[in-house]
Amino acid sequence: MALTGIQILKMLPKKNCGECGIPTCLAFAMKVAAGQTEIGECPYVSDEVKEQIGEASAPPIRTVKIGAGDSAYATGGETCLFRHEKRFENPTGIAVLVTTEMNEADVDGRIARFKNLRYERVGVLLKADLIAIKDTKGDSAAFTALTKKVLDTALDAGIILMSDKGDNLKAAAAACGERKPLLYAATADNAEAMAAVAKETGCPLVAKGTNLDDTVAVSEKLLAAGLKDLMLDSGARTIRAALEDSVVGRRSAIRAKFKPLGFPTITFPCEISADPLMEAMVASVLIAKYAGIVVLSDLQGDILFPLLLERLNIFTDPQRPMVVQEDVYNINGPTEDSPVLITCNFSLTYFIVSGEIEGSKVPSWLLIKDTEGLSVLTAWAAGKFGADMIAAFMKKSGIESKVKHRELIIPGYLASMKGELEEELAGWTITIGPREAGHLPAFLKEWKPAA
């Protein structure tokens, strides 16, 4: 049963030191109770209390960690069925499959695409997360050699080791060292042997069944063997069955607190369809409906990018707008004669506007005002982007010492604010810029300081 914040507070040292990043022990306890932080963030709490609180306040879907350092990847930790109820915690991992039967060129191509297909959007790096290595030959030496190749060439990849032979998994896992892989998979027939490998290597293990009921039975066996870090594969290899199992599993864990299903899932769109576009569609459905990891047959930019954007949208916290820091940003190496523009700190606005300025090749000063993550018109309507606030920010920003002219370019949607700003900013000329960021390059190329 989950502990309340007050119950957790009674177990804390009550130093109010703030070393956890939260000012008081009471506030920290409340966040632990709400699942917004981990008890381990307190440097003074005892291991016994950590274990006690950790078990009591653990999310219904266990958090499972794969790899370490740059390759570290976490899945699970979920506490709700719908994003609007709270938020989804750990984004679905996207993996690409390589096998011991593939020729060297195919393996190298997949690794290269894993490393090269990376995109930055609203300040977030979008990329695939893991490489699944499958022992299709049953050859331990070939399996370990392929594992070492992936480890050496894809330094930030989480590793999934797939074999039905425990000894092969153990040898390949040993090659991974601190980059602890996910072991796939324990079934009803080999659960005991695979549990022993997972215990010896200290790696998380997948419980695989022929259907959801069989998966529950395997999960119960592994739990009885003392394993805690598990993932689940219901064995579903049609889109309908995979979706149904995913929803039933999440509901059982969240609503009924059914522990054997309280683990993240691994799914295989690559085994559901041989058509790359259909495979991508299956992956998109499973990303939207609770998959912990989706394994793809290959990575192609036109297929991967939409999946990454879908994942970004689903796993963005709806209660915390994406923002950039309030500051003066120099773009393209501005000088004292360069234009000065201002906009809000909503991430999407910032990256679109800054991208258009950068593309124009015109050196510019871009002032970002803190609007609590609201867009320009929303912030203005909410009273967070008014003339008095902009004027106060301008004065404290130090922009007057950076330019010799006194002209500020405001978003076109704030044209009605021009008169108020000129009153608040004595000596400044207020110029109304384009309404759309896409028109900024042409505007800036024609811009000259007001006389």
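The values are calculated or read from the model by the stated rules, or taken from the named source; none is laboratory data. Every value quoted in this text rests on a predicted model; they were computed, and no experiment measured them. Using ideal geometry, Cβ is built from the backbone for each residue, glycine included, and neighbour counts are taken over all protein chains shown.
Here are a few things to note about the model shown:
- Candidate set from segment 383-405 (those that are touching a residue at least 12 places away in the same chain (Cβ under 8 Å) and among the charged types (D, E, K, R)); member that is farthest from M322 (Cα to Cα): K404
- The one condition in (1) at pLDDT below 95; (2) within 36 Å of the chain's Cα centre (by Cα); (3) closer than 20 Å to P334 by Cα that E446 fails to fulfil: (2)
- Residue match in segment 230-241 (condition: in a helix (DSSP H, G or I) and closer than 23 Å to I66 by Cβ): no
- Residue that is nearest to R255 (Cα to Cα) [pool: residues in segment 19-35 that are in contact with a helix residue (DSSP H, G or I) (Cβ under 9 Å, 6 or more places away or on another chain) and surrounded by fewer than 13 Cβ atoms within 10 Å (Cβ to Cβ)]: G21
- Matching entry among L408, L421, L414, L425 (being hydrophobic (A, V, I, L, M, F, W, C), touching a residue at least 40 places away in the same chain (Cβ under 8 Å), under 20 Å from V328 (Cα atoms) and touching a helix residue (DSSP H, G or I) at 6+ places or on another chain (Cβ under 8 Å)): L408
- When segment 235-271 is filtered for residues that are hydroxyl-bearing (S, T, Y) and under 13 Å from K289 (Cβ atoms), the ones remaining, listed by number, are S246, T265, T267.
- Answer from A382, A442, A391, A415 - the residue that is within 22 Å of D337 (Cβ to Cβ) and among the aliphatic types (A, V, I, L, M): A442
- Taking the numbered list (1) touching a residue at least 40 places away in the same chain (Cβ under 8 Å); (2) within 21 Å of I293 (Cα to Cα) in turn, V218 passes all entries but (1).
- Residues in segment 248-270 that are in a helix (DSSP H, G or I) and in contact with a strand residue (DSSP E or B) (Cβ under 8 Å, 6 or more places away or on another chain) were compared, and the one that is surrounded by the fewest Cβ atoms within 10 Å (Cβ to Cβ) is C270.
- Within segment 421-432, being closer than 17 Å to T343 by Cβ and either exposed (fewer than 13 other Cβ atoms within 10 Å of the Cβ) or more than 41 Å from the chain's Cα centre (by Cα) (or both) holds for L425, W428.
- Filter pass, A105 being of a type outside the set (S, T, N, Q), in a helix (DSSP H, G or I) and on the phi < 0 side of the Ramachandran plot: yes
- Here W380 does not qualify as touching a Pro at 6+ places or on another chain (Cβ under 8 Å) and either among the aromatic types (F, W, Y) or in contact (Cβ under 8 Å) with a residue 24 or more places away in the chain (or both).
- R113 being among the basic types (K, R), within 18 Å of R311 (Cβ to Cβ) and modelled with pLDDT under 95: no
- Taking the conditions (1) without any contact (Cβ under 8 Å) to a residue 40 or more places away in the chain; (2) under 20 Å from G138 (Cβ atoms) in turn, R240 satisfies each one other than (2).
- As a summary of the residue check, E279 satisfies the conditions (1) within 30 Å of G69 (Cα to Cα); (2) part of a helix (DSSP H, G or I) except for the one numbered (1).
So that you can scan it fast, the table gives a plain yes or no per residue for (1) in contact with a helix residue (DSSP H, G or I) (Cβ under 7 Å, 6 or more places away or on another chain); (2) more than 26 Å from V248 (Cα to Cα); (3) at pLDDT 95 or above:
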residue	(1), (2), (3)
T267	yes, no, yes
C270	yes, no, yes
L286	yes, no, yes
L307	yes, no, yes
E310	yes, no, yes
F315	no, no, no
P318	yes, no, no
I342	yes, yes, yes
F351	no, yes, no
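- Restricting the first member to segment 266-288 and to residues that are closer than 15 Å to L308 by Cα, and the second to residues that are outside any helix (DSSP H, G or I) and of a type outside the set (A, V, I, L, M, F, W, C), the beta-carbon pairs closer than 7 Å and six or more apart or on different chains are E279/S273; E279/S297; V282/S273; L286/T267; I287/T92.
- The one condition in (1) closer than 27 Å to L125 by Cβ; (2) in a loop (DSSP other than H, G, I, E, B) that H405 fails to fulfil: (1)
- Under the condition of being in a helix (DSSP H, G or I) and closer than 18 Å to Q52 by Cβ, the residues counted in segment 3-34 number 14.
- Just one of the numbered conditions (1) within 24 Å of F443 (Cα to Cα); (2) more than 33 Å from the chain's Cα centre (by Cα) is not true of D388: (1).
- Any hit, segment 73-84, residues being out of contact with any Ser or Thr (no Cβ under 8 Å at 6 or more places or on another chain), free of Cβ contacts under 8 Å to residues at least 24 places away in the same chain and under 30 Å from K259 (Cα atoms): yes
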